[in-house]
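Trainee: Can you read through this structure? Questions will come right after.
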Amino acid sequence: MTPKVVLLQHTQASSTPVEHVAHGQEGLMSGSQDVATVTQARLETTASRLRELVAHLRHQRAQLREEWARLITEAKLLTAMTKEEIFAEATSVYDNYVEALETGTYEALQAYARNLSERIIPRGVETHEVVGIVLLLRDVLARSLFATYHEDFNKLNRILDAYEPAANRIAATVAVGFVQERERIIREQQEAIRELSTPVLQVRERLLILPIIGVIDPQRARQLTEQLLRGIRTNRAKVVVLDITGVPYIDSPVANHLVQTVEAARLLGATVIVTGLSPEIAQTLVNIGVDLGKMNTVGDLQGGIEEAERLLGYKVVLMQEPVAHSA
Amino acid sequence: MQVPILKQGAYLIATVQSALTDEDLKQLRDTLVLQVSKVRARGVIVDVTALDVIDSFATRTLRDVAYMIRLRGAETVIVGIQPEVAFSMVKLGLTLEGVATSLDLEEGLAYLDRKGKGHEQEVRTHR
């Protein structure tokens, strides 16, 4: 008996939810329509809120800009610039900021940020200052929104919904633009230093000198080899004097690299004379077991050049006693 | 690919035109060693400007050529090794020990001329 009852109950119970489901579906259908209209409406309101916001910021421009410049000075940011410069810069940043909010495109702002960075980096403006002023502007504008809409909390909320993502994105754009510009400058300078670090100089027909100053790291060693072998080819050199007086120490990979460079130069038909080996470097070369028969070494640069001249068949003759300069 | 061998005065000049197989290299070696006495050459120049790669077999063959030709009474000079090739050879430990090398054909000729002059002077002083 009991199971039957249960069954009955079941059918009864199952019949009712079906109706519910049907109801639910209806509800869901109308609900999704609602959602669609709501999103659309929200998009519209976001746009209109932004428009309202921009109008507000344009209206308050003079006052907010001044407030911002005051805060920058107070926070001791941009100390490298004068008050007038800060104010002028603040004006254009402000206008670009509002424009980015209005159009929603950041290309113009990005270009402006790069341009600004180019101008202020040489004056010693730091990353934290740039980030600091952009965040200050964000706060100044947010405060002004609070002040204007504090009576209508819902409206304030919606305005902030529109403002905050855009403002954060602007802050990120300016900061990233600044850092990228800095990195570009650093890369350029590194390149310049690298190029300056291994000069190849011709002293005489067929005679090159390569003075090296500072620590040789693997990358510099590679570059040195390249410059030396290329120099031999372009100058048709027979003898190269590699002066390492200015090198404090070398490790064994670099020492091996130097030895290989000397051998490669021989394959190009040139002799390398290494001069100015410090006691430490001599020790390293002996420790790694360099075949000294292959290395042509002379004590100092002068001796190296004299040896090179001898190899090339030059003979330096003193024509007369040096003439004293008379006034 | 056969390597053309030209006679220029007292010298033989072999100019490698393109990458060589091991067979080509052996043939070059045999031809040079044979020719050097036939034409009574005093020097041999092997120009490898066109080679992008010089491997261990090529290095050994070039060294063999130089040693064999010395035994046949002439001098050999390898010319035109590219800077990059030179450095990768050295990295592999291929240093052409005991073989004369020059920057290019002109330098190679100058090298052989100098060697020859020394020889002539020696002969003169002996008289």
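The values are calculated or read from the model by the stated rules, or taken from the named source; none is laboratory data. In this text, all values refer to a predicted model and were calculated from it rather than measured experimentally. For neighbour counting, all protein chains shown are included, and Cβ atoms are generated from backbone atoms with ideal geometry for every residue, glycine included. Just the protein is used for accessible areas: all its heavy atoms, side chains included, with ligands, DNA and RNA removed. Shrake-Rupley method; radii C 1.70, N 1.55, O 1.52, S 1.80 Å.
Yes/no matrix, rows are residues, columns are (1) more than 19 Å from B:L12 (Cα to Cα); (2) aliphatic (A, V, I, L, M); (3) open to solvent by 100 Å² or more (accessible area, probe 1.4 Å); (4) at pLDDT 90 or above:
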residue	(1), (2), (3), (4)
B:M89	yes, yes, no, yes
B:E97	yes, no, no, no
B:L103	no, yes, no, yes
B:E107	no, no, no, yes
B:Y111	no, no, no, yes
B:G116	no, no, no, no
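Trainee: Also, quick follow-up: Being part of a strand (DSSP E or B), within 12 Å of the chain's Cα centre (by Cα) and under 17 Å from A:L268 (Cβ atoms): is that true of B:T76 here?
Mentor: Details: part of a strand (DSSP E or B): yes; within 12 Å of the chain's Cα centre (by Cα): yes; under 17 Å from A:L268 (Cβ atoms): yes.
Yes.
Trainee: I would also like to ask the following. Do we find that A:G269 is part of a loop (DSSP other than H, G, I, E, B) and over 45 Å from the mean Cα position of the chain (by Cα) in this structure?
Mentor: It is false that A:G269 is part of a loop (DSSP other than H, G, I, E, B) and over 45 Å from the mean Cα position of the chain (by Cα).
Trainee: If I ask for residues that are open to solvent by less than 30 Å² (accessible area, probe 1.4 Å), away from chain B (no Cβ under 14 Å) and not polar (S, T, N, Q), which ones from region A:256-284 would you list?
Mentor: Within region A:256-284, A:I273, A:V274, A:G276, A:I281 meet the criteria.
Trainee: Looking at (1) crowded, with 16+ Cβ neighbours inside 10 Å; (2) in contact with a helix residue (DSSP H, G or I) (Cβ under 9 Å, 6 or more places away or on another chain), can you tell me which one A:N235 breaks?
Mentor: Tallying (1) crowded, with 16+ Cβ neighbours inside 10 Å; (2) in contact with a helix residue (DSSP H, G or I) (Cβ under 9 Å, 6 or more places away or on another chain), A:N235 fails exactly one: (2).
Trainee: What are the residues in region A:80-134 that are of a type in the set (V, I, T) and not in a helix (DSSP H, G or I), if any?
Mentor: A:T82, A:T105, A:V125
Trainee: OK, next. Look at region A:60-98 and say how many of its residues are among the charged types (D, E, K, R), touching a helix residue (DSSP H, G or I) at 6+ places or on another chain (Cβ under 6 Å) and under 17 Å from A:A171 (Cα atoms).
Mentor: Qualifying residue count for the region: 1.
Trainee: Taking the conditions exactly as written (surrounded by fewer than 18 Cβ atoms within 10 Å (Cβ to Cβ), of a type in the set (G, A, S) and more than 23 Å from A:V262 (Cβ to Cβ)), does B:G93 satisfy them or not?
Mentor: So B:G93 does not fit the description; no.
Trainee: Only one residue in A:V241, A:V247 is more than 14 Å from every other protein chain (Cβ to nearest Cβ) and either within 31 Å of the chain's Cα centre (by Cα) or open to solvent by 70 Å² or more (accessible area, probe 1.4 Å) (or both), so which one is that?
Mentor: A:V247
Trainee: Does region A:147-159 hold any residues that are touching a helix residue (DSSP H, G or I) at 6+ places or on another chain (Cβ under 7 Å) and assigned to a helix (DSSP H, G or I), and which are they?
Mentor: A:T148, A:Y149, A:K155, A:L156, A:R158, A:I159
Trainee: Next up: Going through region A:278-296 one residue at a time, which ones are under 18 Å from A:V241 (Cβ atoms) and at pLDDT below 85?
Mentor: Answer for region A:278-296, where residues must be under 18 Å from A:V241 (Cβ atoms) and at pLDDT below 85: A:L285, A:L292, A:K294, A:M295.
Trainee: How many residues does region A:285-327 hold that are of a type outside the set (V, I, T) and open to solvent by less than 70 Å² (accessible area, probe 1.4 Å)?
Mentor: So the answer is 13.
Trainee: Same structure again: Mind listing whichever residues of region A:42-55 are surrounded by 12 or more Cβ atoms within 10 Å (Cβ to Cβ) and either aliphatic (A, V, I, L, M) or modelled with pLDDT of 85 or more (or both)? Give the steps one after another, and end with the answer.
Mentor: We begin by selecting, within region A:42-55, every residue surrounded by 12 or more Cβ atoms within 10 Å (Cβ to Cβ); these are A:42, A:45-55.
If the condition is that a residue be surrounded by 12 or more Cβ atoms within 10 Å (Cβ to Cβ) and either aliphatic (A, V, I, L, M) or modelled with pLDDT of 85 or more (or both), then A:A47, A:L50, A:L53, A:V54, A:A55 are the ones that fit.
Trainee: Right, something else. Kindly indicate the residue of region A:203-229 that is farther than 20 Å from A:L277 by Cβ and charged (D, E, K, R) and also farthest from the other protein chains (Cβ to nearest Cβ) among those meeting that condition.
Mentor: My answer is A:R204.
Trainee: Of everything in region A:277-307, what is closer than 23 Å to A:L207 by Cα and hydrophobic (A, V, I, L, M, F, W, C)? Give them in sequence order. If you could, list the steps in order and put the result at the bottom.
Mentor: The first filter runs over region A:277-307 and keeps only residues closer than 23 Å to A:L207 by Cα, leaving A:277, A:292-307.
Within region A:277-307, A:L277, A:L292, A:M295, A:V298, A:L301, A:I305 meet the criteria.
Trainee: Filter region A:206-247 down to the residues that are under 18 Å from A:I193 (Cβ atoms) and in a loop (DSSP other than H, G, I, E, B) and list them by number.
Mentor: A:G214, A:V215, A:I216, A:D217, A:V247
Trainee: If you check A:Q219 against the conditions, is it open to solvent by 60 Å² or more (accessible area, probe 1.4 Å), under 22 Å from B:L92 (Cβ atoms) and under 33 Å from the mean Cα position of the chain (by Cα)?
Mentor: Yes, satisfied.
For (1) aliphatic (A, V, I, L, M); (2) more than 8 Å from chain A (Cβ to nearest Cβ); (3) on the phi < 0 side of the Ramachandran plot; (4) not in a loop (DSSP other than H, G, I, E, B), each residue gets a yes or a no:
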| position | (1), (2), (3), (4) |
| --- | --- |
| B:I81 | yes, no, yes, no |
| B:F87 | no, no, yes, yes |
| B:V90 | yes, no, yes, yes |
| B:T95 | no, no, yes, no |
| B:G98 | no, yes, no, no |
| B:E107 | no, no, yes, yes |
| B:Y111 | no, no, yes, yes |
| B:K115 | no, yes, yes, yes |
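Trainee: Let me ask something additional. Given the condition surrounded by 14 or more Cβ atoms within 10 Å (Cβ to Cβ) and of a type in the set (S, T, N, Q), answer yes or no: does some residue in region B:36-47 qualify?
Mentor: no
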